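What follows is a short report on a single structure.
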Amino acid sequence: MLSRLGKKINRLRRRFGRSEWAARQLYPEEQKPAEVDVHTPGILMIQIDGLAYGQLLRAMDKKKVPFLQRSIQQGHFVLRKFYSGLPSATPAVQAELFFGVKSIVPAFKYFERQSGTEKVMFDADAVDELAQQMEREHSGLLADGSSYSNIFAGGAKEAPFCIQSMKLKSIFRTVKLRKLAWFIFIYADKILRIIGLSMLEAGLAVIDLIKGFAARKNPFKELKFVLSRIGVCIILRELIHLHVKIDIARGLPIIHANFVGYDEHSHRRNPSSAFALWTLKGIDSTIRDLVRSAMRSEQRDYHVFIYSDHGQEACTPFPVRHKRTLNQAIQDCFSSGPLQHFRYAEPDSILANGTALHIRSSSFFSGPGKQKSAPAREKTAETDEIHITAMGPLGHIYLPTPLEPTQMKDYCRRLVEEAGIPLVCYLENNSVRCHSRSAEGDLHRNAAAFLGADHPFLDEVSRDLETICRHEQAGDFVISGWTVDGSSLSFPQENGSHGGPGSNETQGFVILPDTLDLAGQPFLRPLDLRDHVRAIREEKQQHRASATNAPQTKHGNDPLTVMSYNIHSCVGVDGKHFPGRIARIIRRQSADIVALQEVDRNMERTGCLDQTRLLAEQLGMEHVFFPVLNSREGEYGLAVLSRFPLHVMNLQVLPRLAANNHGEQRGIMWVMVETGQGPVHLFNTHLSLVRQERLMQIKDIVEGMMLGAIPAAEPVLFCGDLNAGVKSTVYALLAEKLLDAQKQHSGFQSAPTFFSSYPLFRLDHIFHSSHLKALGLWVTDDWECRLASDHLPVTGRFVHDS
């Protein structure tokens, strides 16, 4: 009843909801995406840019992210550390996540020797060039979906606010003026909200501005930050919020949205600043609304992933600590020896004196066309200049001439001791050599000395740092502001940084559905997350492949996994009809035999589908359906799925009380399963809701021709929704004949199966004869099972008790 009510509410919401209305008006040509049916899963990926794992925990302690905290505590999602890889910056993370390519760039800004051009990842042309290179060899993760506020579009055709496709028209999706007028009218309160929040943010920005002036910060940069924080923290966030809700209403198969407000504040003030934490409250509230919209969608069975691509290190700007710029310090080091007569390439004034966040903020509102937020300087490939590229705590020094190993070693030492650069690396005979304040030597052998023995990803980050040093676009010297004693530097003027090998900047987080198999994965990197997302996206292809396979035959000694599941016609407590969700739950338990109750066939209420056949095809199993109800509306009853051959022994309706003649008809299935351990008799039933009728039905089963007809030497499994608990007479009568699998081992815990959202009663059971031994029995109580049906599935593992 509750699910039917939920379904009606969802239909009303779809019909009259503003996002749904906007989707119909802006995209009249598509009722739903053409290439998939509505029962295939969807993906909603939300990125919180720059929030480290430790800072997330700190934000939880300070109650800044109540939705994320509640989601993890309630067990719907699992929190894991996320290793960014190197460089620990959005372009590299998204290239690995979207295309499967590690360390696509050696740093956020670098010098391309072949073209003699400096590249920066806020340059739309440079980003697009890299994206096209990856797309030629790899499929984009976001194909057929949408991408918001990212560096790379990830294969998505719709990529508003992304650097790769920076066009003002993407904000408005090129709608007609009449539709745009209706759009503004229907979202008038949202627009007013954006204005109100912008005014509030402006007030806070003024306070921050005064603090900046008091600290003798650059007045021009402080004024610019007022505008950028309003644009990024409020306007951009709310525009993305609105667009993603429309995409959910459209049922796009994959949606990726990046919220950059926290990263903006962290660069400016530091990762732990009150203003940085303040932005998390707005982001958390936005995520809550988007996740709820995704969970209500009847267009898609959305899976939600929330992650941070990297963290941030609290740092001191190099010019503040050393009272000179990085370029000046390097020039002083190179003022003698073989490099003393070479010229230095002129640094970009914006990039040399500013920080990444200001360029990023302005780029989202830079006007039509592919404007460059940091114009690249065209140079010839033949150059006699020394190039220094350092945007953040990771940089490169490109030399115009090769040096002898002794000369490289001497300059490396001087860069650390005289220039004050914390960590310098270079290649010597194909080995990566490093020099820091406290150590010198081979990176592979001395990783702990250079990166810290307590680094959470020491092995991974040392390998990735070697990869950076060997990158074809890497400098002759790779420089880093990371120190193991916590006094890290960033080369531009910023108080929070990322890009290097630091323990916080490489340590983001990922919040995943608790249904995923994360065994052996204490942390994930972008490639791992990509694999999990692709596995869900490719589920339909997996179904097709499994459907062509013959039923599997296990070896004689392999345990037999049996499930009993009341699937509620594949309609969840959220009111959504998703057979694919039920199939996914069965697949996760690796069930060999499945006894299903409440199964529809050709019923209008569930789309006139043959649910038994559909599930069997998706799982590659044999199937038998027993319709206990036959009407003009379709059929409804019991089913058995099996990886082994099935033989129907008896399909029988159960007796009803005369007073309940119009009640629901009940039945029982008896099938023979030819398992790898030999034949097993399987019974599947669903008893009445009426106590007296239920008692009459179990007596008919126990005392009648069903159980009594089984030869004494042959094993029996009895599954079903008995609508009765362990203290009932129904249970006692069955327990006289068979063994309750949940009670056969002292370690087994009796777990309730109904109501799934808040389990209180154990109504679903698996019994077995003494020929079988129960190795384990469990009730699956994860987030997806709590939604998929009003019952939780119960699964047992059995072997012959010889």
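Go through the residues of segment 719-726 one by one and say whether even a single one is assigned to a loop (DSSP other than H, G, I, E, B) and modelled with pLDDT under 95. Taking every residue of segment 719-726 in turn, at least one turns out to be assigned to a loop (DSSP other than H, G, I, E, B) and modelled with pLDDT under 95. Among the residues of segment 257-303, write down those that are in a strand (DSSP E or B) and surrounded by fewer than 21 Cβ atoms within 10 Å (Cβ to Cβ). Within segment 257-303, no residue meets the criteria. Of everything in segment 519-548 that is at pLDDT 85 or above and open to solvent by less than 20 Å² (accessible area, probe 1.4 Å), the residue that is farthest from Asp781 (Cα to Cα) is Pro526. Of all the residues in segment 78-99, those that are in contact with a Phe, Trp or Tyr (Cβ under 8 Å, 6 or more places away or on another chain) and surrounded by fewer than 23 Cβ atoms within 10 Å (Cβ to Cβ) number 3. In the set (1) open to solvent by less than 50 Å² (accessible area, probe 1.4 Å); (2) hydroxyl-bearing (Ser, Thr, Tyr); (3) in a helix (DSSP H, G or I); (4) at pLDDT 95 or above, the condition left unmet by Ser361 is number (4). Give me the pairs: first residue in segment 313-339 and in contact (Cβ under 8 Å) with a residue 24 or more places away in the chain and on the phi > 0 side of the Ramachandran plot, second residue acidic (Asp, Glu) and open to solvent by 40 Å² or more (accessible area, probe 1.4 Å), beta-carbon distance under 9 Å, and six or more apart or on different chains, which are they? As it stands, the answer is Gly337/Asp410, since those pairs meet every condition given. Residues in segment 557-576 that are surrounded by 24 or more Cβ atoms within 10 Å (Cβ to Cβ) and within 23 Å of the chain's Cα centre (by Cα) were compared, and the one that is farthest from Glu784 (Cα to Cα) is Lys576.
Criterion applied to Leu394, Leu427, Leu423 was being under 21 Å from Glu112 (Cα atoms), at pLDDT 95 or above and in contact with a Gly (Cβ under 9 Å, 6 or more places away or on another chain), and the one residue passing it is Leu394. Among the residues of segment 755-802, those that are of a type in the set (Asp, Glu), within 25 Å of the chain's Cα centre (by Cα) and open to solvent by 10 Å² or more (accessible area, probe 1.4 Å) comprise Asp781, Asp782. Selection of segment 382-421 for residues being in contact with an Asp or Glu (Cβ under 7 Å, 6 or more places away or on another chain) and among the β-branched types (Val, Ile, Thr) yields Thr389, Ile397.
Checking segment 384-405 against the condition returns a match, with at least one residue being in contact with a His (Cβ under 6 Å, 6 or more places away or on another chain) and either free of Cβ contacts under 8 Å to residues at least 12 places away in the same chain or not in a loop (DSSP other than H, G, I, E, B) (or both). The helices (runs of 4 or more DSSP H) found entirely in segment 71-173 that carry 3 or more residues being within 25 Å of Gln521 (Cα to Cα) are 90-99. Given the condition assigned to a loop (DSSP other than H, G, I, E, B), on the phi > 0 side of the Ramachandran plot, in contact with a Pro (Cβ under 9 Å, 6 or more places away or on another chain) and open to solvent by less than 20 Å² (accessible area, probe 1.4 Å), answer yes or no: does some residue in segment 485-504 qualify? Taking every residue of segment 485-504 in turn, at least one turns out to be assigned to a loop (DSSP other than H, G, I, E, B), on the phi > 0 side of the Ramachandran plot, in contact with a Pro (Cβ under 9 Å, 6 or more places away or on another chain) and open to solvent by less than 20 Å² (accessible area, probe 1.4 Å). Residues in segment 241-268 that are over 18 Å from the mean Cα position of the chain (by Cα) and under 23 Å from Val93 (Cβ atoms): His243, Gly261, Tyr262, Asp263, Glu264, His265, Ser266, His267, Arg268.
Scanning segment 574-602 for residues that are of a type in the set (Val, Ile, Thr) and assigned to a helix (DSSP H, G or I) yields Ile582, Ile585, Ile586.
The values are calculated or read from the model by the stated rules, or taken from the named source; none is laboratory data. Treat the numbers as computed from the prediction; the structure is a model and nothing was measured. Every residue, glycine among them, receives a Cβ derived from its backbone with ideal geometry; neighbour counts consider all protein chains shown. The accessibility values were calculated without ligands, DNA or RNA, using every heavy atom of the protein model including side chains. Shrake-Rupley method; radii C 1.70, N 1.55, O 1.52, S 1.80 Å.
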